[in-house]
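Worksheet for the structure shown next.
The values are calculated or read from the model by the stated rules, or taken from the named source; none is laboratory data. Note that this is a predicted model, so its numbers are computed, not measured. Cβ placement follows ideal geometry from the backbone for every residue including glycine, while neighbour counts extend to all protein chains displayed.
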Amino acid sequence: MLMAIEAGNTNVVFALYDGNSILHSWRCKTDAARTADEYASWLYPLFLQAGLSFPCVKNTIISSVVADANFNLIRLCDKHFHAKPIVVGQDAINLDIKVKIKKPEEMGADRLLHAMAVKHYYKCPAIVVDFGTSTTYDVIDENGDHCGGVISPGVNLSLAALRQAAAALPKISIRKTDTVIGKDTVHAMQAGIYWGVVSMVEGMVKRLSDEMNAKPLVIATGGLSPLFADGTKMIDLYDEDLTMKGLLAIYEHVRKTAKAA
């Protein structure tokens, strides 16, 4: 089995693959200080609960946007799974996509995974809208190459900034409101956050599509993607596992390349 690990700014996701299917997945809060042994102690009972043990993991791959977490994630794979990991961004991997930006080395690993997932599992051209710590837009052309994109503040960051700037405002949950016009403070805040994000997505997708001179497939991913995908027809589908699919695509590509060598 393959253990695919994706470390984002908010969570670390562990996905156990049996072939091309995710057998189990678990996530924990990202903490760069967490040691390999702590990861193992957390994962061990989860494996037991699933009727599995660490020796079932034969291969590992890691993608991370949190550089300080890399050492212990690599050590987890080496020490506890006894499987040297492929590390996206560190290992010399010749992918079947191009990164068409001025400084390709600055491309976040998660955004690279989006392009890989789109090319191997969907159709191109496409725009991936990731509702994560930041809200990002990845532009993938008709060849599956990453052409750049947009980075904007995430939904929760925007909400936190609003409350910090206006101490009298209450703490609210993010939800789709029935009307845009708020009838009280909570309603107005919820409408502002929800429909403000939806309007931003619609406007950004329209502008990106115009620059691409194409009608791309628009895919939403990230924790809040189902909520916002439901609010606009500009989003064609959402895939919560898009990043992990990108990791699997890279792993399969590396394996095939090694066999052909």
Check: Which of the residues spanning region 40-64 are closer than 14 Å to GLU6 by Cα and out of contact with any Lys or Arg (no Cβ under 9 Å at 6 or more places or on another chain)?
Finding: ILE61, ILE62, SER63, SER64
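Among the residues of region 227-261, which ones are closer than 15 Å to VAL155 by Cβ and either of a type in the set (A, V, I, L, M, F, W, C) or exposed (fewer than 13 other Cβ atoms within 10 Å of the Cβ) (or both)?
Across region 227-261, the qualifying residues are LEU227, PHE228, ALA229, ASP230, ILE235.
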Check: From the list GLY108, GLY132, which one is within 21 Å of ASP230 (Cα to Cα), in contact with a strand residue (DSSP E or B) (Cβ under 9 Å, 6 or more places away or on another chain) and either modelled with pLDDT of 90 or more or buried (at least 16 other Cβ atoms within 10 Å of the Cβ) (or both)?
Finding: GLY132
Margin query: So GLY148 passes all but one of these: (1) of a type in the set (Gly, Ala, Ser); (2) without any contact (Cβ under 8 Å) to a residue 60 or more places away in the chain; (3) part of a helix (DSSP H, G or I). Which condition number does it fail?
Written below: (3)
Next item on the list: Please tell me if LYS84 is loosely packed, with under 14 Cβ neighbours inside 10 Å, assigned to a loop (DSSP other than H, G, I, E, B) and touching a Ser or Thr at 6+ places or on another chain (Cβ under 9 Å).
Entry: yes
Margin query: Which pairs turn up if I take residues in region 227-239 that are aliphatic (A, V, I, L, M) and look for partners that are surrounded by fewer than 18 Cβ atoms within 10 Å (Cβ to Cβ) and not in a loop (DSSP other than H, G, I, E, B) with beta carbon separation below 7 Å, at least 6 apart in sequence or on another chain?
Written below: MET234/GLU202
Checklist line | Those residues of region 23-58 which are closer than 24 Å to ARG255 by Cα, out of contact with any helix residue (DSSP H, G or I) (no Cβ under 7 Å at 6 or more places or on another chain) and not polar (S, T, N, Q), in sequence order | finding: LEU23, HIS24, PRO55, CYS56, VAL57, LYS58
Notebook entry, point to check: For region 173-194, which residues satisfy the criterion of being buried (at least 17 other Cβ atoms within 10 Å of the Cβ) and either in a loop (DSSP other than H, G, I, E, B) or at pLDDT 95 or above (or both)?
Noted result: THR177
